[in-house]
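Trainee: My questions will all concern the structure given below.
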Amino acid sequence: MKHHRSLLSLAIIFLVSISISSCHRSQAAKRYPFTGRIISIDAGKQSAMIDGDNIPGFMDAMVMEYKVKPEKTLTQLAPGDAISADVVVVGADKNEDSIPEYWLENVKVTAHGKQPPATLADAFHTPSPGEEVPDFAFTNQSGKRISLHEFRGKVLLVTFIYTRCPFPDFCPRMSGNFNEIYKQLSTNPSIADADLLSISFDPGHDTPEILRDYGFSVAHTKDQALFQRWQFAAPSAAELPKIADFFALTVTPENGLITHNLSTSVVGPDGKIVKWYHGGDWQVSDLIKDAAAARSQK
């Protein structure tokens, strides 16, 4: 009998644990009503680039990528369509260290686009493979004026950040990924001649001194040699809109913070776009693979 009672007790504990875990997951998921307009669809990534309206309590109006569930919903959407949906956010509790995930469910088309899809897509510039990158200029962490043409002959990996970004799935994640690449620069032949450039879109705050300290922080070093291969820079406020437009970056100041999307590019030795990533779903291995492909074309 004692043996049976022990088994029964264990079973009860197990079931209670599952119930608590299930309840926790349910509480962690939050839903927000969403409206926006489809810009483009990426069936391979099961996602869509959407010009979203303000989501009270979650996000300001901005253009960004959303995964769409279930996947078959994408076949019912087209660029130019106005939609309504639910944004599902999991792991957004600020007291937890987990990185939040989000996607769209219950997507419904509220109005079909009146313009041809290409017209709408062209209105929102996205860097295309083979497109030459303008010679944008910046001030780096050492107070030195640099320009993108200085990187000709090398593979350049470019991402956008601002040092005050509080969201772990945005700028900190991009900087963490770049640090993983930086640590491989001297050992991985695929990126032996690659440089990294983290561009701040907060030039009013991110001075050379702040960018230098931020670089040391994300790279976990105080060695000045860091900046020989990985630079941190900011454009002038006047030049920022042109740079943001080319790299499909949206930047909206809001109550001391900045609402923004993510934009990361691989630029070949010829100064042309090799690959552009919107959002933060890319992996370190993706950029290393792209850099190797660009290097082989020299």
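The values are calculated or read from the model by the stated rules, or taken from the named source; none is laboratory data. Source: prediction; values computed, not measured. Note that we place each Cβ from the backbone using ideal geometry, even for glycine, and neighbour counts take in every protein chain shown. Accessible surface is based on the protein model in full, side chains and every heavy atom, while ligands, DNA and RNA are left aside. Shrake-Rupley method; radii C 1.70, N 1.55, O 1.52, S 1.80 Å.
Trainee: I'm trying to understand the selection: among the residues of segment 64-78, which are surrounded by 16 or more Cβ atoms within 10 Å (Cβ to Cβ) and among the β-branched types (Val, Ile, Thr)?
Mentor: Once the filter is applied, which keeps residues that are surrounded by 16 or more Cβ atoms within 10 Å (Cβ to Cβ) and among the β-branched types (Val, Ile, Thr), segment 64-78 yields Val68, Thr73.
Trainee: Looking at segment 230-275 only, could you name the residues that are closer than 26 Å to Ala294 by Cα, touching a Ser or Thr at 6+ places or on another chain (Cβ under 6 Å) and not aliphatic (A, V, I, L, M)?
Mentor: Answer for segment 230-275, where residues must be closer than 26 Å to Ala294 by Cα, touching a Ser or Thr at 6+ places or on another chain (Cβ under 6 Å) and not aliphatic (A, V, I, L, M): Phe232, Phe247, Asn261, Thr264.
Trainee: Within segment 245-265, is there a residue that is under 30 Å from Pro56 (Cβ atoms) and part of a helix (DSSP H, G or I)?
Mentor: Yes, some residue in segment 245-265 is under 30 Å from Pro56 (Cβ atoms) and part of a helix (DSSP H, G or I).
Trainee: Which ones in segment 272-282 are more than 20 Å from Gly176 (Cα to Cα) and either within 14 Å of the chain's Cα centre (by Cα) or open to solvent by 10 Å² or more (accessible area, probe 1.4 Å) (or both)?
Mentor: So in segment 272-282, the residues more than 20 Å from Gly176 (Cα to Cα) come out as 272-274.
Correct list: Lys272, Val274.
Trainee: Then there is this: Look through Ala233, Ala292 and report the one residue that is in contact (Cβ under 8 Å) with a residue 24 or more places away in the chain, farther than 22 Å from Arg173 by Cα and not hydroxyl-bearing (Ser, Thr, Tyr).
Mentor: Selected residue: Ala292, the only one of Ala233, Ala292 that is in contact (Cβ under 8 Å) with a residue 24 or more places away in the chain, farther than 22 Å from Arg173 by Cα and not hydroxyl-bearing (Ser, Thr, Tyr).
Trainee: Now, a different point. When you go through (1) touching a His at 6+ places or on another chain (Cβ under 8 Å); (2) more than 17 Å from Asp51 (Cα to Cα) one by one for Thr250, which number turns out not to apply?
Mentor: (2)
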